[in-house]
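Coordinate-derived values only; no laboratory data. What you see is a predicted model; the values in this text were computed from it and never measured. Cβ coordinates were reconstructed from backbone atoms using ideal geometry, including for glycine residues, and neighbour counts include every protein chain displayed.
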Amino acid sequence: MPTLHRPSYGTRALAPTGAVMRCASWRRLPYAQVMAAQNRVPTGHVDASVQCLLFDGHEGQHFGLVDSLEYGPALWARWLEASAELVELPDCAETGPPPDPAGCCLFTGHAERHTWEASCW
Ligand SMILES: [Zn+2]
Ligand SMILES: [Zn+2]
């Protein structure tokens with residue numbers, strides 16, 4: 001089994017006022033894109049709805065993780081106003097501070113902060 005780095009949803013506590021929040025934008029992928037994505041991921045199954053994993057208030061396009069691929073990059077959906085497009089992006093290699101460096105759940109070159117900079121991710 002390849003190691004999947006899909007973040008777990010639902011266990012994150014509600015952040016207190018003023019804390020860093022995740023972007024609330026999401027897209028439902030059209031059937032053809034879901035089929036195209038399922039042909040590319042090792043699990044053979046992806047969710048039709050994708051939530052942006054960047055921080056709330058970020059600029060530019062939204063990026064939601066579709067799934068990890070078996071080797072190298074992960075499959076992301078990218079959207080702004082119109083429909084989403086599927087893109088393969090390498091993982092962000094930046095890690096948190098020692099002694100227990102955490103990995104970032106985003107992709108190389110993403111905007112804003114790394115996911116390990118917010119305890120609520
Ligand atoms: Zn977003
Ligand atoms: Zn990062």
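Charged neighbours of residue 108, selected by a Cβ distance under 12 Å, balance to -3 (K, R count +1; D, E count -1). Summing Lys and Arg as +1 and Asp and Glu as -1 over all other residues whose Cβ lies under 13 Å from the Cβ of residue 33 gives a net charge of +1. What the Cα convex hull of segment 26-117 gives, in volume per residue, is 96 Å³.
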